[in-house]
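The values are calculated or read from the model by the stated rules, or taken from the named source; none is laboratory data. Bear in mind that the values here come from a model prediction, so they are computed numbers and not experimental data. For neighbour counting, all protein chains shown are included, and Cβ atoms are generated from backbone atoms with ideal geometry for every residue, glycine included.
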Amino acid sequence: MEPEIRSLVEISDSKPALRSHADIVLARARWAASIFQRFDRETTLHIVEAVARTAHQNAGKYAEWAVEETGFGVVEHKKLKNELTAMPLVDHYRDEDFVNPVIDEARKMVRIPRPAGVILALTPSTNPIATVNFKVLMALMTRNAVVISPHPAARACCVDAVNAMAEAAVEAGAPDGCIQVIEQPSIPLIEEFMASDKTSVILATGGTAMVRSAYSSSNPAIGVGPGNAPVYVDPSAEMQDAAQRIVDSKSFDNSILCTNESVLITLPEADKKLRQALKQAGAYLCDEEEVERLRRYLFHDRGFNVAAVGRDAVWIAQECGIRVPAKTKILVAPVTQLGVEERMTREKLCPVLAYHVAKNQTQALSQARAVLRLTGAGHSAAIHAGDSQIVADYARSVEAYRVVVNAPCSQGAAGFQTHLAPTFTIGTGYFGRSSIGENIGPHHLIHWTRVAYNSDSAVPFGDYQAADFGFDGPLPHAPSDGVPGAGRSARPSRPLTSAANTGSGGGAGVGMDSRTREELRRLIAEEVRNVIKGGH
Amino acid sequence: MSQEKLEFLQRSKEFWNPAKTQDWQDMGVDLVIDKREGYYLYDMDGQRLIDLHLNGGTYNLGHRNPELVEVLKSATERFDMGNHHFPALARTALAEALAACAPAPTMRYTAYGSGGGEAIDIALKTARHAMKKRKIVSIIKAYHGHTGLALKTGDERFSKLFLSEDTQDEFIQVPFNDLNAMEDALKKRDVAAVIMETIPATYGFPMPEEGYLPGVKKLCERYDALYIADEVQTGLMRTGEMWGCTRYGIEPDIMVTGKGIGGGLYPIGCTLISEHCAGWLHEDGFGHISTGGGAELGCVVSMKVLEMVQRPEVRATVGLISDFMRAGLERIMEEYPDFFIGIRQHGLVMGLEFNHEQGAKPVMKHLYENGVWAIFSTLDPRVLQFKPGLLLSQPDCEDVLRRVEIGIGLARDEVMGRGSRRGAM
Ligand SMILES: Cc1ncc(COP(=O)(O)O)c(C=O)c1O
């Protein structure tokens, strides 16, 4: 029982106290990281799976909790995202090895993976649990310690989720402290975490201010900027399919993914057909006056109206006094201009899609570039087309590092209906003032020590097949002399890998027989198929 | 040595303590601590030392821990030492906080001294008052401080000098880990209290054998004596638990904490007293008076110390440091098996045992020369006290082990001679 200590002199908000608080948490993480680096691949995977399983089982519970706490999004979609970032994520990376050295006989090199150490992971309020799952599992796959800094608006559900994962990790043999969460995040406290020399890298997802702050912390950072995806529908596209995918994408979790389409651009020859198809797919097309109501509601002088974030189309329409059919999935707002003059062409984390008809292909491309110039550079863009040349023209022209073709952009750019790496952290690269332009994955959380021999063929390369790379596993517990049951333990000079592994054969799923595992896989596969089905 | 330091040492001999100043020179440790920060000490000539002495846990949370400095600074805006006769906000708040984390549910009151020794004296006086008996049993080579009564419980090396040893047969000493001797001392039921360091520090941390401390507690109960736990060095999370005695299943009647409780910034000693032996606090509350005891600035710092050491991260880190140090020390022991012959350990309470009467002294000297400050055990110089801080970082621990390996190697060569047998690498 922790005593409630009444303090007569309150200093917990002072800089030294905040710094000390951060240091103590990070120092524990550092310890955990230093031990984690001794783990072999089998043990590591065993831990990853145990944690993923916990996350998977809790997907529904935290989906509800997150929607309840933040007011954003759709429970059922959040559940799906929470699941996709658990077992399927692990399955995606199952065959990749972030632990063992790579021996390259031809080039006389050995590459040894070196975990970053301590990852400080900021998670947003929009996709709280999915991002937590994703970042924690990436860290574990690469034998890093992670400290989650949840967005204050999603604090409670994140703290609970992270603690559950931490418990599962330790139970599976992970070093104590390899998963931690900042229980009472505040901006000054997070700044201390970001500035600490005990933080190895900051994985920042969230508001622009936070991301910039991560970059100016003096620590290495992988920060990602905001999105504002243009989607171009070329006359060569299958209109029906395009419309359906766009509506599915925009309505998925009420557009809370930063990869959702923001501005649709098309050409006069496709306009009528596309409008028709959108309506059929569940879109409501607003008239000029309704667009003005939407505009006034969604954009205040100080920016986007957060009350609308992650709300459904009917709710938003109601707030604006627009009468729409009850089954309306998205609101489409035709606009004549793009750019600073038209607020509707900014990022909208809600199922409202701006709709613009350009004169011709050339103008469409320059309009798409303008959307990303406004905001969302380096992020995502989508195109629906049958003609590869227009895809090529579009892709080389927009300043986005992922261009999703004939797929819903929300899911597609995040790697869930494309073959991009599944992620909840979209690298916005140099266009978006970030260090990485790909979908962030575990490979970004290790660097490699390259052992390089003399290239002269007269100098032979060594034999590393049987070399010992120090997979010594957890440290044995020090004895507490005289304490019953905690006396001196017999210790092998080379501790074996985690006891949990011995005898389990594959190491993949102790405590879960293969039938249960199969069943789980089947369920996941079904869920994934359901998402994909949304793409006709 | 710089001219400046030489001159300073001269002044130290002239005005402070000539013999002690010279003794350190003779032991090869010419340390004059100047700047200090975290677990680092800087000699006035600039050499950096990692502090593994910590004055017995005084600097558990590091030197000048910024959070503690901040709380002390803020406290000065409102408090000073306070008036020791009156009910006082900070003294009461600390007593309440101590009661909340005490090792026995019966513990309620805290009486204050200005340091560990005085708190021990309060404990002994409290026991005598409660039991209406004079005799006190302590352990041979125990160390409870140098105040009037505490001094008499300890080694004669310190009491005789001042003609202050016990002459009334009121202070009985028995060997550690010997329940028969303890029983013999208690049998006549004329003993007021047994005072126990949970792990005797100055004696080089010999570890209590399994069942020993609970056995002593049982004997106390059988023969109407109180059990006083001296947790001055073993308390405050050093064993991975708030109080060392808890780890051995002991609920003492009286407990003393000192050193680290003041955060290394404001000296304070606390005696926690159970209701059933707190008679004098009801009978005559003016019975013990100490102007500096429980000074309110110190109380504010202590409350912060209690809050900090009980953070879950701190507890976890203590475990990690213990395991890491143990693994590293065992490797070093394998390297010098003829010299480095034992590790006594409970959490961060550690003693390294060497195969020579005075073995820990050359080790101390070579560690000092290699940037680590750890002190030998005054009452058993075969043993080096090895006391890492609660928050020592992973890189610092690694660095300590690197330096210790070098230092022990050099000390071994000095003591055993080069070329003689060493362990297999
Ligand atoms: C176990 C123990 N008890 C009591 C004391 C006395 O404390 P102080 O020096 O603060 O009087 C010490 C000091 O070293 C000690 O180690």
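One table, with the values for the structure above:
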{"read-out": "Filter result for the condition that a residue is surrounded by 24 or more Cβ atoms within 10 Å (Cβ to Cβ), farther than 23 Å from B:Asp45 by Cβ and within 14 Å of chain A (Cβ to nearest Cβ), over B:Gly359, B:Gly389", "value": "B:Gly389"}
{"read-out": "Verdict on A:Thr131 being in contact with a Phe, Trp or Tyr (Cβ under 7 Å, 6 or more places away or on another chain) and either closer than 23 Å to A:His92 by Cβ or modelled with pLDDT under 95 (or both)", "value": "yes"}
{"read-out": "Pairs, first within 14 Å of chain A (Cβ to nearest Cβ) and more than 14 Å from B:Glu231 (Cα to Cα) in the stretch B:113-124, second more than 8 Å from the ligand (Cβ to nearest atom) and in a strand (DSSP E or B), C-beta under 6 Å, six or more apart", "value": "none"}
{"read-out": "The stretch B:41-62, subset more than 17 Å from B:His366 (Cα to Cα), more than 16 Å from the ligand (Cβ to nearest atom) and more than 14 Å from chain A (Cβ to nearest Cβ), residue surrounded by the most Cβ atoms within 10 Å (Cβ to Cβ)", "value": "B:Met44"}
{"read-out": "Odd one out for B:Arg331, checked against (1) out of contact with any His (no Cβ under 9 Å at 6 or more places or on another chain); (2) within 7 Å of chain A (Cβ to nearest Cβ)", "value": "(2)"}
{"read-out": "Among (1) surrounded by 24 or more Cβ atoms within 10 Å (Cβ to Cβ); (2) in contact with a strand residue (DSSP E or B) (Cβ under 7 Å, 6 or more places away or on another chain); (3) outside any loop (DSSP other than H, G, I, E, B) - the single one A:Cys258 does not satisfy", "value": "(3)"}
{"read-out": "Residue in the stretch B:298-305 that is over 11 Å from A:Arg28 (Cα atoms), of a type in the set (Lys, Arg), at pLDDT 95 or above and in contact with an Asp or Glu (Cβ under 9 Å, 6 or more places away or on another chain) present", "value": "yes"}
{"read-out": "Qualifying residue in the stretch A:179-195 (condition: under 30 Å from A:Leu294 (Cα atoms) and either among the aliphatic types (A, V, I, L, M) or touching a strand residue (DSSP E or B) at 6+ places or on another chain (Cβ under 8 Å) (or both))", "value": "no"}
{"read-out": "Residue match in the stretch B:146-154 (condition: away from the ligand (no atom under 16 Å from the Cβ) and modelled with pLDDT of 95 or more)", "value": "no"}
{"read-out": "B:Ala229 of a type in the set (Gly, Ala, Ser) and buried (at least 24 other Cβ atoms within 10 Å of the Cβ)", "value": "yes"}
{"read-out": "Residues that are under 18 Å from B:Ala104 (Cβ atoms) and within 12 Å of the ligand (Cβ to nearest atom), drawn from the stretch B:233-242", "value": "B:Thr234, B:Gly235"}
{"read-out": "Filter result for the condition that a residue is assigned to a helix (DSSP H, G or I), within 14 Å of chain A (Cβ to nearest Cβ), away from the ligand (no atom under 16 Å from the Cβ) and without any contact (Cβ under 8 Å) to a residue 60 or more places away in the chain, over B:Glu77, B:Glu96", "value": "B:Glu96"}
{"read-out": "Filter result (closer than 16 Å to A:Ala354 by Cα and out of contact with any helix residue (DSSP H, G or I) (no Cβ under 9 Å at 6 or more places or on another chain)) within the stretch A:286-312", "value": "A:Asp287, A:Glu288, A:Glu289, A:Glu292"}
{"read-out": "Qualifying residue in the stretch B:243-254 (condition: within 14 Å of another protein chain (Cβ to nearest Cβ), among the polar types (S, T, N, Q) and more than 15 Å from the ligand (Cβ to nearest atom))", "value": "yes"}
{"read-out": "Residues (within 18 Å of B:Val194 (Cα to Cα) and away from the ligand (no atom under 13 Å from the Cβ)) located in the stretch B:255-272", "value": "B:Leu272"}
{"read-out": "Residue list for the stretch B:99-128, filter: within 16 Å of the ligand (Cβ to nearest atom) and either part of a helix (DSSP H, G or I) or basic (Lys, Arg) (or both)", "value": "B:Gly116, B:Gly117, B:Glu118, B:Ala119, B:Ile120, B:Asp121, B:Ile122, B:Ala123, B:Leu124, B:Lys125, B:Thr126, B:Ala127"}
{"read-out": "Selection status of A:Ala168, more than 14 Å from every other protein chain (Cβ to nearest Cβ) and touching a residue at least 12 places away in the same chain (Cβ under 8 Å)", "value": "yes"}
{"read-out": "Some residue of the stretch A:322-332 being assigned to a loop (DSSP other than H, G, I, E, B), of a type in the set (D, E, K, R), modelled with pLDDT of 95 or more and closer than 25 Å to A:Phe416 by Cα", "value": "yes"}
{"read-out": "Residues that are touching a Cys at 6+ places or on another chain (Cβ under 9 Å) and part of a helix (DSSP H, G or I), drawn from the stretch A:261-291", "value": "A:Glu290"}
{"read-out": "B:Leu320 vs. criteria in contact with a helix residue (DSSP H, G or I) (Cβ under 7 Å, 6 or more places away or on another chain) and not assigned by TED's automatic domain parsing to the domain that holds B:Asp396", "value": "no"}
{"read-out": "Close pairs from the stretch B:182-199: first closer than 18 Å to B:Lys125 by Cα, partner at pLDDT below 95, Cβ under 7 Å, at least 6 apart", "value": "B:Glu197/B:Ala142"}
{"read-out": "Any hit, the stretch A:127-136, residues being within 30 Å of A:Ala452 (Cβ to Cβ) and of a type outside the set (A, V, I, L, M, F, W, C)", "value": "no"}
{"read-out": "Residue match in the stretch B:220-232 (condition: over 15 Å from A:Val483 (Cβ atoms), modelled with pLDDT of 95 or more, in a loop (DSSP other than H, G, I, E, B) and within 16 Å of the ligand (Cβ to nearest atom))", "value": "yes"}
{"read-out": "Sole exception among (1) in contact with a Phe, Trp or Tyr (Cβ under 7 Å, 6 or more places away or on another chain); (2) farther than 21 Å from A:Cys178 by Cα for A:Arg38, by number", "value": "(2)"}
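Okay, residues lined up against (1) surrounded by fewer than 18 Cβ atoms within 10 Å (Cβ to Cβ); (2) under 30 Å from A:Trp448 (Cβ atoms); (3) in the same structural domain as A:Ser196 (by TED's automatic domain parsing):
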position	(1), (2), (3)
A:Val9	no, no, no
A:Asp40	no, yes, yes
A:Leu45	no, yes, yes
A:Ala50	no, yes, yes
A:Trp65	no, no, yes
A:Glu68	yes, no, yes
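Okay, residues lined up against (1) closer than 28 Å to A:Asp248 by Cα; (2) away from chain B (no Cβ under 14 Å); (3) in contact (Cβ under 8 Å) with a residue 40 or more places away in the chain; (4) among the hydrophobic types (A, V, I, L, M, F, W, C):
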site	(1), (2), (3), (4)
A:Leu8	no, no, no, yes
A:Asp13	no, no, yes, no
A:Leu18	no, no, yes, yes
A:Ala29	no, no, yes, yes
A:Glu42	no, yes, yes, no
A:Ile47	no, yes, yes, yes
A:His56	yes, yes, yes, no
A:Glu64	yes, yes, no, no
A:Gly71	yes, yes, yes, no
